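The block underneath contains the structure these notes are about, expressed in structure tokens.
The values are calculated or read from the model by the stated rules, or taken from the named source; none is laboratory data. Source: prediction; values computed, not measured. A quick note on method: Cβ atoms are made from the backbone with ideal geometry, for glycine too, and the neighbour counts reach across all protein chains shown. Quick note on the areas: whole protein, heavy atoms, side chains included, nothing else; ligands and nucleic acids left out. Shrake-Rupley method; radii C 1.70, N 1.55, O 1.52, S 1.80 Å.
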Amino acid sequence: MSSQLYLSSSPHVYAGDRTEQIMRGVIYALLPACGVAVYFFGLPALVTLALATFGCVGFEAACQKAMKQPVTVKDGSAALTGILLALNLPPNAPWWLTLLGAFVAIVISKQIYGGLGYNPFNPALVARVVLLISFPVQMTRWTAPAPLFSGIDAVSTATPLGQAKESVMLTGSLPSSMQGGMGDFLLGNMAGCLGEVSALALLLGGAYLLVRRIITWHIPVAYLGSTVVLAGIFWLVDGSRYPDPLFHLLTGGLMLGALFMATDMVTSPITGRGQIVYGIGCGILTVLIRLFGGYPEGVSFAILLMNAATPLIDRYTQPTKFGYVETKA
Amino acid sequence: MSVAMKNLKTFPGGLHPPDNKQWSADKPIEDCPMPDELVIPLAQHIGAPAEACVEAGELVKKGQLVGTAKGFVSVPIHASTSGEVVAVEPRPHPMGKALPAVVIKPDGEDAWLPGLQGGDPASLSPVELRDRIRDAGIVGMGGATFPAHVKLSPPEDKPIDTLILNGVECEPYLTADHRLMLERPEAILGGIAILQKILGVKRTCIGIEANKPDAIEQLTAATSDLPIEVVPLQVKYPQGAEKQLILAITGREVPSGGLPMDVGVVVQNVGTCTAIDDAVRRGLPLVERIATITGPGVVEPKNLRIRVGTSLQYLVDQCGGLKGEPAKIIMGGPMMGMAQLSLDVPATRGTSGLLLFTSENVPVRPEGPCLRCGRCVRACPARILPTTIAAYARLDLTDEAEAYHAMDCIECGCCTYSCPAALPLVQAIRGAKGAILAKRRKG
Ligand code: SF4
Ligand code: SF4
């Protein structure tokens, strides 16, 4: 029997969740949003999702093979990056744009740093921002939703945030009428990136992540909360120029960002306290960029900037260690 | 259920491993029969090992001194039955190597040494009580095996106002303390009275996890008109760790690097308490204890009263033998116990349990990179950053590991338990602690 005895030191039992289960859990949580994307944007959405996912997995495998490392695509992290990338692309992104995004995400912003766990920036967001800067035309060619089987042809339009920004830039105030109301925004009946349209589907996925304890409440609550507060202050000061907080919440990439992008474990702070600081930073930057920046949307930039601040936040938000709290005997 | 499960006291951090106590929780304590040979190690406690005072060929009685204490932080060792000393030599020890032991061939009489005499605690002074505890070789029986008399000798400048009895038993699988609280409450209360007299404390609490409602009920009833509080605690690992238990019950945090006496507290395990009662009232040295023999790898899990020195193989035989091929033999519980090379090592005064795992319970877990998921940080009861310290430890950056408070780690294993990337965190931190101590010694 001695040949079969394991001698590892304690502990001898372990929790159930492994890395691949966590990744798979996040993918499950994204399925409602993927479903809504395909429903509103049809076949092109499906093609983009598939291309991005297989692209990311393919690039990861190729990279690891080239570097003579074990291929770890089974951990699901590349597939997850692919889905997140697709959800950050416009519905009719050309195929080469999607594949280029996959390359940037996996090769440039993940594998070069040493692979999973070592990348300082969220790979899907790096890809989105690189594409946005390099190919502004293709990255901002939005189409109005054309629900599956509705027979409607996809027509070009602007995102709600884009409409608001343009109007404010041209006339100094918000447009008098917007396409769509809050109900449409909630369900996802508006123009935007694949994963940005339905707040409801994203919230459903976010709830699943919380219940499965894959994420904690800190980042989403701090992010959304600080956005609402800051946007609310501006709105109260001048409601004709600054959109109301609900509009901020339901349009653009905020939900996707706060629930799925900012909560990426690798690139966010490790303690609850740090995550609150980080979430508030994301919220403030998002509102400032949306209201005063050159781009209508600020979520990606805000999260990437806070990714950069993560090591610093981690350093200053360490837990109070046991035995350093003054208690009276 | 009479125990209110809400708002129970506890500590921050920790986790909820499946407790798996159902296998043995309802099994009354059985006396383990006499093995053919008892191997009694001279090192069974923290501190200096005892020195053998018998030679091969000598006849000894049960309870007779076979090893004398070497210094203050040390305890004497006694024969756990009557018979012939057949050898005094190094034998395989649960710590992993061969260490000096007194080997006894039982004569079957199991006759106590004549003249062992109990005393009435009421008529003995605190110093006399403490001497009896020391001479009986009593150590912390929750597994820490720290000499009990040392804890009961606080220096003048550290007044003790609170005594805490540890009946938490937060390690999964183990039920020895649980059975003891159900079956020998009078001995526990007797031990408490002795400890109260030695320490002169104002407050005495028995901490019990809420998953043992029968023990809570029984001890609450038994202490109704005594100055003793039974405190039900939240079920959470490591609730029974000394500092976490003190925090939960008193709200006091033992300072980093300090001892319970720094916050005016002494903690003793309930098993230690019964041993103290036996030592003082009945004059019996510590030669036996209760241990849980359990796990998926034994046929019939049991709680046994075992003689110190009984081989693990013999204990397993008393439980119907092995079920399947054993893949891991663990002395103690699954969170902090020690894996053994074989069943041919003796149970000691610190053996609270013997856990047998088969290959299904020993999953193959390839290590991955740290995801920074924060689970180890949230679970850490010392509130340090396990992943950061482990990363430094792997790079042999001892000073950095120390700066991140590696020395505050209590080695509870929560970090490794919770890590989805299967990183051996506590293992790495243990290594760093060793390196830090070695460095300090070099000065
Ligand atoms: S670092 Fe130490 S104290 Fe913290 S969880 Fe790991 S073993 Fe326990
Ligand atoms: S639990 Fe493991 S993967 Fe998660 S932060 Fe700690 S070391 Fe990293």
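Okay, here's what the table says:
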quantity	calculated
Segment B:362-373 - phi-based ³J(HN,Hα) in whole Hz, Karplus 6.51/-1.76/1.60, Gly and Pro as x	10, x, 7, 10, x, 6, x, x, 5, 8, 6, 6
Shape category assigned to segment A:19-139 from the gyration tensor of Cα positions, a/c cut at 1.5	oblate
Rounded tilt (10° steps) of A:272-292 against the dominant C-alpha axis of chain A	20
Helical mean residue ellipticity (222 nm; -39500 (n - 2.57) per DSSP H run of 4+; nearest 500) of chain B	-7500 deg cm²/dmol
Leading residue at positive end of dipole, the protein assembly as shown (Cβ point charges), from A:Met67, B:Cys376, A:Val137	A:Val137
Dipole in debye (nearest 20) - chain B, about Cα centre, beta carbon charges: Lys, Arg +1; Asp, Glu -1	1320
A:Glu297 accessible area, assembled protein chains, probe 1.4 Å, Å²	30
Kyte-Doolittle mean at least 0.0 and Cα axial length at least 15 Å: DSSP H helices in chain B	B:185-199, B:270-281
19 Å reach of a label modelled at B:His16, 7 Å along Cα-to-Cβ, counting backbone N of segment B:355-379	B:375-379
Amide H contacts of B:Leu15 (H built 1.01 Å from N, under 5 Å, at least 5 apart or other chain)	B:Tyr237
For the pair B and A, total buried accessible area rounded to nearest 100 Å², probe 1.4 Å	4600
Cα gyration tensor category, rounded, prolate or oblate, for segment B:101-227 with a/c compared to 1.5	oblate
Amide H partners (placed H, <5 Å) of B:Val230, local residues excluded	B:Ile206
For the protein assembly as shown, alpha-carbon Rg relative to the globular expectation (2.2 N^0.38 Å, N residues)	1.16
Amide proton proximity set for B:Ala98, modelled H, under 5 Å, gap of 5+	B:His93
Heavy-atom accessible area per residue - chain B, 1.4 Å, Å²	38
Cα gyration tensor shape for segment B:150-281, rounded if a/c is under 1.5, else prolate or oblate	oblate
Charge dipole magnitude, Cβ of K and R +1, D and E -1 - the protein assembly as shown, Cα centre, debye nearest 20	1620
For segment B:301-315, Karplus couplings with θ = phi - 60° (6.51, -1.76, 1.60), whole Hz, Gly/Pro x	x, 8, 9, 10, 8, 10, 7, 4, x, 6, 6, 4, 4, 5, 4
For segment B:322-363 versus segment B:305-320, the gap between their alpha-carbon centres in whole angstrom	13
Debye, to nearest 20: dipole size of chain A, +1 on Lys, Arg Cβ, -1 on Asp, Glu Cβ	720
Principal-axis tilt of helix A:299-316 within chain A, Cα atoms, nearest 10 degrees	30
DSSP bridge orientation in the protein assembly as shown - percent antiparallel, rounded to nearest 5	65
Principal-axis tilt of helix A:160-171 within chain A, Cα atoms, nearest 10 degrees	50
